[in-house]
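**Q** Pasting a structure here, questions to come.
The values are calculated or read from the model by the stated rules, or taken from the named source; none is laboratory data. Just so it is clear, the structure is predicted and the values come from calculations on it, not from any experiment. Heads up, the Cβs are rebuilt from the backbone with ideal geometry, glycines too, and the neighbour counts pull from every protein chain shown. Remember, those area values only see protein heavy atoms, side chains included, never the ligands or the DNA or RNA. Shrake-Rupley method; radii C 1.70, N 1.55, O 1.52, S 1.80 Å.
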Amino acid sequence: MIRPVLAVLRTKKRNSAIARPMGDSSLALGTSVHKALGGGSVADVLLWRKWRGGAVMLVSATTMWYLFEVAGYNFLTFVANVLLLLIVILFLWAKSASLLNRPLPPIPNMEISERTIGIVADELQIWLNCVLSIAHDITIGRNLKVFLKVALSLWFVSFIGSLFNFLTLVYIGVILILSVPLVYEKYQPHIDEKLSVAHRVFQEQCRKLDETVLSKLPLPSNKEKKMQ
């Protein structure tokens, strides 16, 4: 069940890579980046086409980081106090509105539709299947290349985590997602050219590593795998 899903994902990635090679100057700069980000309101915010949304996101993230990282506020206490203040304001507003014949607070009907839950569940299933497939390749299939990739990725995450705490990492992530897409959209041909060169060099180094080290390591044969 897992491998057919991964096969479909890999086929889509290969087709998209063939259809849109790196450094293709014939692509419209704004269109390609905008579509890659989903082409909706989120893409407009990340590319600062809706600058108010980007500004609100940046100011909110900066405020939260300052309150909890610099000023030293406790997150749970802060959230509880804000919710308490909000509830008191809405309660007094509703009471005064009934006494003075004023409109009630404009609170929308907040609910999650079944369609949204289904979409989230489908996406979560795909990601979980990918993780389980990688774990299967490492533990049962004894795939050394996958093991090294996962080990290096986890080591890199651990190294970054030792330099910053979680809240600072989240704030840096917000800054990056609000700046990197905009810069890439503006300088896409030059960045694609540099990335293409770096990708070729990386592939060459991986090939040399595979030929000199990985290919010489003893791996279990197909008969051993079947017996296991």
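**Q** Mind listing whichever residues of region 133-155 are within 30 Å of GLU69 (Cα to Cα) and either among the acidic types (Asp, Glu) or open to solvent by 100 Å² or more (accessible area, probe 1.4 Å) (or both)? Give the derivation first.
**A** Step one: list which residues in region 133-155 are within 30 Å of GLU69 (Cα to Cα), which gives 152-155.
Within region 133-155, LEU152, LEU154, TRP155 meet the criteria.
**Q** Of the conditions (1) modelled with pLDDT under 80; (2) within 30 Å of TYR187 (Cα to Cα); (3) open to solvent by 90 Å² or more (accessible area, probe 1.4 Å); (4) assigned to a helix (DSSP H, G or I), SER32 satisfies every one except a single condition; which number is it?
**A** (3)
**Q** Being assigned to a loop (DSSP other than H, G, I, E, B), of a type in the set (Val, Ile, Thr) and closer than 30 Å to ALA61 by Cα narrows it down to one residue among ILE175, ILE119, ILE112; which is it?
**A** Details: ILE175 fails: assigned to a loop (DSSP other than H, G, I, E, B); ILE119 fails: assigned to a loop (DSSP other than H, G, I, E, B).
Selected residue: ILE112, the only one of ILE175, ILE119, ILE112 that is assigned to a loop (DSSP other than H, G, I, E, B), of a type in the set (Val, Ile, Thr) and closer than 30 Å to ALA61 by Cα.
**Q** Also: With respect to SER158, determine if the residue is exposed (fewer than 10 other Cβ atoms within 10 Å of the Cβ) and part of a helix (DSSP H, G or I).
**A** Criteria met by SER158.
**Q** Where residues in region 82-132 are charged (D, E, K, R) and over 30 Å from PHE147 (Cβ atoms), which of them is most open to solvent (accessible area, probe 1.4 Å)?
**A** In this case the residue turns out to be ARG115.
**Q** While we're here: Collect the residues in region 190-214 that are surrounded by 10 or more Cβ atoms within 10 Å (Cβ to Cβ) and either closer than 15 Å to LEU144 by Cα or modelled with pLDDT under 60 (or both), keeping them in residue-number order.
**A** Answer for region 190-214, where residues must be surrounded by 10 or more Cβ atoms within 10 Å (Cβ to Cβ) and either closer than 15 Å to LEU144 by Cα or modelled with pLDDT under 60 (or both): CYS206, ARG207, LEU209, ASP210, GLU211, VAL213, LEU214.
**Q** Under 6 Å between Cβ atoms, at least 6 apart or on separate chains: pull out the pairs that start in region 189-202 with a residue that is without any contact (Cβ under 8 Å) to a residue 40 or more places away in the chain and end on any residue that is aromatic (Phe, Trp, Tyr) and surrounded by 11 or more Cβ atoms within 10 Å (Cβ to Cβ).
**A** What qualifies is ILE191/TYR184.
**Q** What's the number of the condition VAL79 fails, among (1) surrounded by 10 or more Cβ atoms within 10 Å (Cβ to Cβ); (2) farther than 27 Å from LEU167 by Cβ?
**A** Of the numbered conditions (1) surrounded by 10 or more Cβ atoms within 10 Å (Cβ to Cβ); (2) farther than 27 Å from LEU167 by Cβ, the odd one out for VAL79 is (2).
**Q** For ASP44, all conditions in the list (1) in contact with a helix residue (DSSP H, G or I) (Cβ under 6 Å, 6 or more places away or on another chain); (2) open to solvent by less than 70 Å² (accessible area, probe 1.4 Å); (3) within 30 Å of LEU182 (Cβ to Cβ) hold save one; what is the number of the exception?
**A** Going through (1) in contact with a helix residue (DSSP H, G or I) (Cβ under 6 Å, 6 or more places away or on another chain); (2) open to solvent by less than 70 Å² (accessible area, probe 1.4 Å); (3) within 30 Å of LEU182 (Cβ to Cβ) one by one, ASP44 breaks only (1).
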